[in-house]
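A short worksheet on the structure shown next.
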Amino acid sequence: QVQLVESGGGLVQAGGSLRLSCAASGAIFRINRMGWYRQAPEKQRELVAVITSGGTTNYADSVKGRFTISRDYAKNTVYLQMNSLKSEDTAVYYCNANIATMGPYLNVDYWGKGILVTVSS
């Protein structure tokens, strides 16, 4: 069974920075893509950033230029460097990974439990 463990959230003032980490573990055959979603109070979960196995990245317009997603392939870990944080970035951030597990070739989305990022104004 694949597990995603997030870390790095917390409280930061507007203009500050945080780096989120998400480590995947388990019977992993291939990680197709990893990324971050977020959900603010009373809003739908939205894509923040995604990186594919080939290194292609995609960002929400609201974070482009401020956030950077990267991967450590050896550690099956994805990072989200968040700079110039704004109050509207406050949300629970969820790690997501599309993974093919060992054995049957099944591509499945896995989710972390979420980690809170609070940006004070």
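The values are calculated or read from the model by the stated rules, or taken from the named source; none is laboratory data. Because the structure is predicted, anything quoted here is derived from the model rather than measured. Backbone-built Cβ (ideal geometry, glycine too); neighbour counts: all protein chains shown. SASA here: full protein model, heavy atoms, side chains in, ligands and nucleic acids out. Shrake-Rupley method; radii C 1.70, N 1.55, O 1.52, S 1.80 Å.
Listed values, structure above:
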read-out: Nearest-20 debye value, the chain charge dipole, Cβ charges on Lys, Arg, Asp, Glu; value: 180 debye
read-out: Accessible area expressed per residue, the chain, with surrounding protein chains retained (probe 1.4 Å, Å²); value: 53 Å²
read-out: Restricting the stretch 1-85 to trypsin sites (Lys or Arg not before Pro) in coil, as DSSP defines it, with at most 11 other Cβ within 10 Å; value: 43
read-out: Two-site label geometry, residue 84 and residue 39: point separation in nm, points 7 Å out along Cα→Cβ; value: 2.9 nm
read-out: The stretch 12-73 pair-distance distribution - Cα-Cα, 10 Å bins, rounded %; value: 17, 48, 28, 7
read-out: Restricting the stretch 1-105 to chymotrypsin sites (Phe, Trp or Tyr not before Pro) in coil, as DSSP defines it, with at most 10 other Cβ within 10 Å; value: 105
read-out: Heavy-atom accessible surface of the stretch 1-117: percent carbon and sulfur, 1.4 Å; value: 50 percent
read-out: Loop-resident sites, the stretch 31-121, for GluC sites (Glu not before Pro), counting at most 10 other Cβ within 10 Å (DSSP); value: 42
read-out: Relative contact order computed over the chain (Cα-Cα under 8 Å; 6+ residues apart), in percent; value: 36 percent
